[in-house]
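Below is one structure, written out as structure tokens, with a few remarks after it.
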Amino acid sequence: MARACSLAIALVALALPLAAQEVEDQDIYAISPNKTQRVWVVNPPKTYTVQGKVSVDGPIPQGSMVVLRDVLVPPVGPKDTTRLISAGTLTADGFTTMVVGVAGQIKDQMVKAGEVGAFLVPDDELVQRALDENGQLLFPVEVKASTGGGMPPYFSSTQSRATVAFPRYRVLLYNTSDKSATVTVYAYLSN
């Protein structure tokens with residue numbers, strides 16, 4: 001055993017000058033056996049293999065339109081948060097941006113000027129508790145349209161762009177005119 005180790009050491013000693021000669025031919029300098037050298041060991045992450053068939057049918061959607069239609073909204077002010085009219089829930093999970101607008105109709109043209117609008121508030125336990133206990137809207141996204149005062153019975157808001165920060169939003173409506181309005185909320189979700 002000792003003889004085999006000695007033979008292996010001798011072979012390595014003979015091979016070193018040849019290896020150093022090859023390295024010098026490539027303009028790379030051999031490492032001196034008398035100096036300590038820093039060494040970085042890089043372990044790349046394990047790669048995952050995909051097995052089976054992988055396919056995508058058709059284009060991958062980059063956006064989605066959500067419409068909450070024809071919600072009857074009686075007169076209720078935006079500060080009367082405990083009486084706001086629920087229009088439903090908007091699921092925004094997987095999207096980064098939303099463009100929101102409201103449109104609708106007031107049946108009577110003899111209406112005092114006012115606003116019809118929507119608050120989108122996160123469907124979250126803390127946000128809901130703040131609304132239920134204190135009437136406080138946390139993280140609201142608001143969009144509104146002017147109505148009445150000699151205007152045509154149909155109304156629409158400008159489009160409001162917002163960053164999606166929660167997976168779901170509750171949509172709450174208000175109407176400051178003196179007549180009920182039929183309101184539709186449009187939300188385009190995109191990446």
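The values are calculated or read from the model by the stated rules, or taken from the named source; none is laboratory data. Nothing here was measured: the structure is a model prediction, and the numbers come from that model. Cβ atoms come from the backbone with ideal geometry, glycine included; neighbour counts cover every protein chain shown.
General observations
- Filter pass, residue 161 being closer than 17 Å to residue 88 by Cα and touching a strand residue (DSSP E or B) at 6+ places or on another chain (Cβ under 6 Å): no
- Only listed residue being assigned by TED's automatic domain parsing to the domain that holds residue 72 and in a loop (DSSP other than H, G, I, E, B), chosen from 139, 119: 139
- If you go through region 49-85 and pick out every residue that is within 30 Å of residue 154 (Cβ to Cβ) and in contact (Cβ under 8 Å) with a residue 24 or more places away in the chain, you end up with 21.
- Flag for residue 74 being out of contact with any Leu (no Cβ under 8 Å at 6 or more places or on another chain) and of a type outside the set (A, V, I, L, M, F, W, C): yes
- Looking only at residues of region 133-155 that are polar (S, T, N, Q) and buried (at least 16 other Cβ atoms within 10 Å of the Cβ), we find that the one that is modelled with the lowest pLDDT is 147.
- Test for residue 185: is it crowded, with 17+ Cβ neighbours inside 10 Å and farther than 18 Å from residue 74 by Cβ: no
- Residue match in region 30-44 (condition: surrounded by 10 or more Cβ atoms within 10 Å (Cβ to Cβ) and modelled with pLDDT of 50 or more): yes
- Residues (among the small types (Gly, Ala, Ser) and part of a strand (DSSP E or B)) located in region 62-104: 63, 64, 86, 87, 88, 101, 103, 104
- Criterion applied to 141, 116 was being of a type in the set (Val, Ile, Thr), touching a residue at least 24 places away in the same chain (Cβ under 8 Å) and closer than 15 Å to residue 77 by Cα, and the one residue passing it is 116.
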